[in-house]
Structure formats: structure tokens, C-alpha cells
1. About the Cα centre of the stretch 359-424, how large is the charge dipole given +1 on each Lys and Arg Cβ and -1 on each Asp and Glu Cβ? Please answer in debye to the nearest 20.
2. For E396 and T172, what does the FRET efficiency come to when R0 = 30 Å and r is the distance between their Cβ atoms, rounded to the nearest 0.05?
3. Charges on Cβ only, +1 for Lys and Arg, -1 for Asp and Glu, centred on the Cα centroid of the stretch 598-669; of A628, F669, A610, which one is farthest towards the dipole's positive end?
4. Order T172, T345, most accessible first, counting only protein heavy atoms with a 1.4 angstrom probe.
5. Measure off 7 Å from each Cα along the Cα-to-Cβ vector at E197 and D430, then give the distance between these two points in nanometres to one decimal.
6. Using +1 at the Cβ of each Lys and Arg and -1 at the Cβ of each Asp and Glu in the chain, identify which of L437, V461, P92 lies farthest towards the dipole's positive end.
7. Ratio of Rg to Rh for the stretch 363-502, alpha carbon only, Kirkwood?
8. Please compare each pair in K174/K356; K325/K794; K576/K745; K315/K356 to a cut-off of 21 Å on the Cα-Cα distance and tell me which ones are over it.
Amino acid sequence: MGAPGVEAFETTPPGGNGHVGRSLRRKEDPRLITGRAHYVDDLTLPNTLYAAIVRSPEAHAKIVSIDTTVAREQPGIEAVFTAEDLGDEVAPTPMVWAPKGVDIFVPDHYPLAKGKVGYVGQAVAVVLGSDKYGVVDAAGLVEVEYDPLPVVVDPEAALEDGSPLVHDEYGTNKVFEWSLAGGDVEAAFADSDVVVEKRIVNHRTAGAAIEPRGVLADWREGKMTLWSATQIPHIVRVILSIQLGITEDKIRVVAPEVGGGFGSKLQVYGEEVLACWASRRLDRPVKWTATRSEEMLVTHHGRDQIDYVRLGAKKDGSVTAIHAKVIQDCGSYHLIEGPVIPTFTACVISGCYDFKAVQTDIVGVFTNKFTTDAIRGAGRPEATHLIELSMDALAEELGMDPLELRRKNFLKEFPNARPHGFLYDSGNYDGTLDGCLEMLDLEGFRREQAELRDRGVYRGVGFSTYVEICGLGPSRALGPDGWGMQGGYFESAQVRVHPTGSVTVYSGTSPHGQGLETAFAQIVADRLGVDPEIVDVIHGDTNTGPFGKNTYGSRSMSVGGEAIARAAEKVQDKAKRIVAHKLEAAPEDIELAEGRFQVRGSPDKGMTLAEVSGEAYIPGDLPEGMEAGLDEMCFYDPDNFVWPAGAHACVSEVDVETGRVDVVRYIAFDDCGRAINPRLIDGQIHGGIVHALGQAIYEQVVYDADGQLITGTFVDYALPSAADVPSFETGRIETPSPTNTLGVKGVGEAATIACSPAVVASVIDALKPLGVTDINMPLSPLRVWQAIQAAQGKGEGPARTEQGKEGGMS
């Protein structure tokens, strides 16, 4: 999937007012913090029916019968539907990853189960009525008889001979096998002086957005409108068309304000399809909002990898090869793209380091759990976690300082072609580590650490130097003839200057909290010489602007922002030609400076954008052959990915009596390319750190041996609060990406990708005097205490659970 050569672009926008690079306040915030924003659950149409889903309490069972009689008779109930009612009017969910030469088992996954259920929470019926509480009561009266089947929840156990089969028709629980390699890995290991091996668990987590999923579907006059809390409205429209057999021109999808996504809303769920089908069937609007328990149960989960890692090196610390065998728990059914997610682990398997040979072998596995898919970072946090902890283990084996080991192996020259086919665009890995260490003062910390240990206080520091792939992405690399995704990965934009000089931007990107309305306005303002306050950014509605590919993979700025920049430059070019015509100058002599299009060397001769647009919309005197208006569009498909990087340091303190871990300091020094708005960058870094701290210490989706979810609420699924994290210290350098004219990379997932190994390493460093050398996430008090006891010879360490992961949840 690696991209070919990278064309270098000038990364300073022509002319402008210097809005890019400024920490402007978010334009979105006033409506959000004053309660004037509208989320899906705020929306209700006249005559709306509410939906409640009847869900399976069994993880694996045949459906013997469904009796809806009593439920139908309840007051206010309009209808109760099962899969039998859907018939052949609804197709199963399409899975869009189909790489050539790879067999992937894709079982039919319908909005309502047909004959069998494969996970707790699978929908078997839907109740619709006029009262949102009445439908819940009626749903409890639907009687479903199940014939339970054997359950398997441990992916490693699911691969063993004799394991219960999730889908009998396949004769195996293996979903697919996929590999990516570069260089001669086995020869490199044979030539290594040292090989370290580790088994690393990256446990299952939830996106846990504060706003649960919700939909409102309205079939009216032969057309469907769906309001959905989604990151991907344009993609939802395509999938609805496929599953419901409605042409796209008759479907409108709107993503209003979205209260957090983190990848969990990068999806098309059965409830979206079901609401649309029911609205068409009953000719009334249909609304469904997930409860928190439903959100935890049937909004896709993330991670859930078991990684077997080998890392080779010479005696002097020069790394030679890395090999990872990845066992990915896929759950029992797929949604639109789940199996592809672990392949992104392979993309960055070489990390920041000069490995000459790399190999990743991935096995996807069916279990009786809900599907896994993209959660913030999507395969790259898993890669960084396994690489960085393995580098620490190698340093220990060699007796080297772990930071010096990293420096010795950092890539130094860019662009840099990696052995498995990727081209890193730019970077300065020594620079990010230098910046991190300058902020930390490692020598001072070591003195403090020693003094604290003398007082019985165990404090440690851990590091993570990471690189990530984002800016999805080049269509020719990701598409059907490359990685195997069945679609393009361009982004679209339209920039329209109105007759009075204000600007509307239509973006195919669909932001949901990143502050992109502000950042996009800054880009356009600089290119058109106006104030960002008069640049309005419209997004999230498939009936406005061009078809887009939406928001995921940290692509919004490097692909979506670049599309906007290019559309704005088309407007600027046309404006220059109009000004040149009016002022009797050559177009190449017109420059944009201080908010005016003026003749170079004659600043008294110029026009504002409002004056230019007035001429464009009253076309009495335009250049020969020029069309009226000032409105341009761009579809941008990048030539390469972008590769942010950085160095993070975590300082934690462990109470050795209880096992409690407190993060007392966290430093993030990142390179996300050129900064459009530093304030927004810091916000994304802060959020990414908290997300990863949550996984490292608090969060874990847990199923018991019977496939029952036992972390179905925020009582059981612990999220970090503001009281659990320190004030973060951030720094930044800029190595502009040559892939786009903005010079940007990505930042939405960077800190989540970087953080977890730094946290784990800090705890190991803190407990090193007690003999603790390894521990898997989450670092709950019980798990840490067990590790201490085992190291001291007082216990056996964390117990294995049915999931093949260590216990110790608290």
C-alpha cells in the first residue's frame, strides 16, 4: 500500500492575513456551551413513533420462536416487527474490505437476527409506538424462546481444535489470515545477536462517547431523511441505498451536532437501517436513542488484540528485524469494515526505527462477542504499544539506556522508504525527543525518584517515541487494487463567495468536536483576504455541497483541509484575473496582501474580496470567456499518507500497598506538521492522552465465560475524570509534510497512539526495585498489586481469565 514518490509543495499560503497559525477561539463554542446546539435526541417530528429493540440475552443460540402478541396489544403500540417482516426488503450489512487473494468469512448480519443470535444484545425484534417509555415496556413483553448453543469468548481458545464454532457453515473460527512483510525477516533474526520475545495483550475497550447513538428517520413523499449521530453521513447514505434498495437521490443523511465519536460512530449500524425501513413501512417518522447499556453492548468496541512479538538486534543495539503475530478478536459478526482495522498495525510496525526487515501476520477470529472496529487510533495504538514495550525489553536485555537505544535507531533522512512499502514523508525524531526531555529534566527526575524511594514512595517515568500513519488516504493505495477497500479516499470541498463578500464553505468532512469549523475558516480567510468570522463552514448534510468521505483516520485537515485550501485557491486565482482585468494589469502581477488584491508594487491600486465578488455577480465587465460567479469546487486525493510523530513521557506513582496508579505528570512533544491553530492542537492532544490513560489504567470491556457483558454501564466501565489526570505539558516542532500545500499531518489520534506504552513503562520503572519487569493493561489496583506480590514471591501473579487475558479488574 506504500505510496510512490512525494511531490513537494510550497507550504506558505500565498498572501493572506496570517490567520493560519493563530490560536483563535473556536467558532463552534458559543452554541455548544450555551445549549443552543441540536443533537439527534433534541429532534422530534410531528407524529413520530419511538422504537425499542428486543435484544438477545443469549450469546449464542438458535431462535426457536418469537411471540409478539401481548406486546402488540399494549396501548400506543403501532407495530412489532421481526426478521420475518423484513423479508427480502433489507440486505445484510456490506463489509467493504475485500483484498485480492485473501479469503474473509463474512456472515450475513441483518438488522434483526434471522434464526440465530451470535452475541448478547443482538436485535431480534423492534417495537414501535407513540410513547418512548411505553415501547420499552412493551418490548419486555415480547416472548422469545432460545435454544442455547456453546459459547466461546477467548480468541486463542476459539482457534483450538474442538472449540465451539460461532458459525458452523465455515467449519472454523478463523475469519481471515493476512500478512505484510518487507526484507528477509528470518535471515535478519538469524543474523541478530539478541532476540527478545513478548506476549502483549491490548484489551477490548469502548469508545464511550458521552452522547449515545441515536437516529430519526422520516419517509416523506417518496424520499428518506435520516438524522444520525454519525461521523460518516455520506457513507451512511451509500450503505442505506445498498441495504434498502433506495436510490441515493432519494436519501438525505444529516449529522447534526455529534457528542463524541472516537471511531465508534464511524459505522453504519442496524438501527439506522431498521429505523429507515420502519418509517417507510409505516409512513411515519421513527426515532431511536440508545440507552447507556445499549451503547456499551452494541456500539462497536476497539482493540482486543493479542500480540506475539519478536525483536532482533546486534550487540551494539542496532535493530535488525521485528515480527508480530497478531490475533484479532473480531466478535461474531462484522459491520462495514471491522476486519481491516488490525492491518493498520502492520502499517507502522517499524515505528520510528531503522528496521531492515519487518513482518506482521494477522489472524482474525470469531468469538461470541460484539464486533470490534475502529476506536481512536484504530490499529496504530496497538502497534506503538507492542513496539515501544519491546524496545524497552531489548534495552534491558542489552543493558542499554532505553532512550539511547531509540536514538541509535531513529530514522534520520526523509522522505524515508520503509521495507514494507511505505514512504514516511518528513520527521525529526531526535528533535521531538530532545524537546520532551528538555521539558522533563530527566536528570532532576532521577534524583527526585531516588529521594522518594528512600521514603517508600515509588515513582517512575516511561517514554514512548511514536510515528503514525494517517491522512487516509491515497485511493490508489487503499482502494480495490491496493489495500482492498471498496471505495475512494479523496475529500471534497466547495468555496462560495457571496455577492457581498462573505464566504460559505461546504466540506465533505464531517467534524464532531475537533474545532474544524474554526480551522477551515482560518485556511480560507488567509487565501481570500477576509476575516474568519465571515467564513461559514457547512458540513454533515448530504444535500449540501459535494459528495464527501467524512471524518476518520486523522484525515480531516490533511485531506479535507487541503481540499478546502485548493478550492479557495481556485477562487483566489479567478479573483486575481478579475482584478487584473479591472485594473489593467497582468494577472501574475496581482498579489493578496493585507486583505486586498492589489498590484504588486502599487498598493494603492487594489480591490477587496467584496468588490471583486460584486464584479463577479454583476458580470457587465468580466474578462473574455469568464463565467459569472465566484464559486469553486475541489476533489482532492492525496499522493501519500502523512506521518505525524512525537515523544511522550509519563511520570506515575504507585501505592505498593494497594496497587493504585496515579499519573502525576505527563509531557507530550509532537510533530503534526504545520500548525493551523495551536489551541485546537492542544485540545486534541489533551483528549487523546485522556483516552489512552483510560485504557492503560481504568477502562476494559469484559465478558464472562458465558458471553455476558459485565461492564455494561459507567458503574462497571471506569472512565478517567479530571480528578484522575494531571495538567498536561505540551510542546511541538513542525516538520511540514511535503504531501500537501498546507504542510499539515494529523493530530486527532496522535496522543492516543503514543500514550499507553509510556504509562505502562512508567509503572514498571517505578516498581523495578521490587522486581516487576512486565505487566499488561489495564493497570488496575488489583492487577498491579498481584504483579508486586508475584515479583516478591508472595503470589502467582494475575490470573488468566476465559478471554486469555490476565485478571485484576477492579
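1. Working: 8 positive and 10 negative charges, 64 e Å.
Charge dipole, the stretch 359-424, about its Cα centre: 300 debye, nearest 20.
2. Step by step, r from the Cβ atoms, then E = 0.20.
3. F669
4. Descending accessible area places them as T172, T345.
5. Modelled inter-label distance: 3.6 nm.
6. Selected residue: L437.
7. Values: Rg = 22.0 Å, Rh = 19.8 Å.
Reported Rg/Rh (Cα atoms, Kirkwood Rh): 1.11.
8. Long pairs (Cα-Cα over 21 Å): K174/K356; K325/K794; K576/K745.
The values are calculated or read from the model by the stated rules, or taken from the named source; none is laboratory data. Worth saying up front: this structure is predicted, and the values here are computed from it rather than measured. Neighbour counts run over all protein chains shown; Cβ positions are idealised from the backbone, glycine included. Side chains are part of the model used for accessible areas, which takes the heavy atoms of the whole protein and leaves out ligands, DNA and RNA. Shrake-Rupley method; radii C 1.70, N 1.55, O 1.52, S 1.80 Å.
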